[in-house]
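Coordinate-derived values only; no laboratory data. The structure displayed is predicted, hence computed values, not measured ones. Neighbour counts are summed over all protein chains in view; Cβ atoms, including those assigned to glycine, are modelled from backbone coordinates with ideal geometry.
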Amino acid sequence: MQQNKLLGSFGLAVFPGTFDPFTAGHLDLVGRVRRFCSELRIVVFDNSAKMPVMPKGDRMKLIGRAVAHMKNVTVDRGEGLLADYCIEHGVDVIVRGVRDSFQFEEESVMAKVNKRLSHGVETILLPAGELQHVSSTLVREIARHGGELEGLVPDVIKDDIEKVYGF
């Protein structure tokens with residue numbers, strides 16, 4: 001019962017990332033977080049340090065298909081700084097998943113920067129669940145070599161990911 005008291009505690013939460021590609025780990029985090037906010041918006045950004053295989057619009061479409069069954073989850077395009085997006089859209093909280101202590105340290109630094117630049121938007125760091133081993137990098141590498149992606153990506157977009165990321 002106590003868990004139900006938390007439902008809808010946040011208004012708009014954002015889950016930002018490159019999502020190249022969107023994985024089962026991402027979907028797991030979305031499923032866990034969406035219970036605590038009125039809207040969870042997955043915001044797809046490009047990262048200057050990364051060269052995505054798939055164009056942003058195509059990544060957004062695949063993510064949209066993967067979360068179509070979740071009523072309070074939407075997908076949006078991010079440009080520029082996450083902090084600017086948060087200010088412009090009235091974001092209440094940023095959500096990030098962490099798989100290990102290295103990622104925790106890295107995300108903690110980004111949380112402080114985003115809080116400063118966004119004038120106070122907090123970041124919640126959620127530990128990875130059962131899919132701690134799954135990363136976009138791992139999925140790209142397995143797909144590139146024709147390996148099995150079952151359980152690593154959402155079933156509804158698995159064939160698309162195999163076509164795009166397989167070489």
field: Exclusive hit being in a loop (DSSP other than H, G, I, E, B), surrounded by 14 or more Cβ atoms within 10 Å (Cβ to Cβ) and touching a residue at least 40 places away in the same chain (Cβ under 8 Å), set VAL134, VAL43, VAL95
entry: VAL134
query: Within region 56-76, which residues are more than 26 Å from GLY151 (Cβ to Cβ) and outside any helix (DSSP H, G or I)?
result: ASP76
message: So, in region 98-128, exactly how many residues are within 14 Å of the chain's Cα centre (by Cα) and part of a loop (DSSP other than H, G, I, E, B)?
response: 2
Filter result for PHE15 (surrounded by 14 or more Cβ atoms within 10 Å (Cβ to Cβ) and at positive phi): no
field: Hits in region 137-167 (condition: closer than 10 Å to ALA24 by Cα, in contact (Cβ under 8 Å) with a residue 24 or more places away in the chain and of a type outside the set (A, V, I, L, M, F, W, C))
entry: GLY151, PRO154
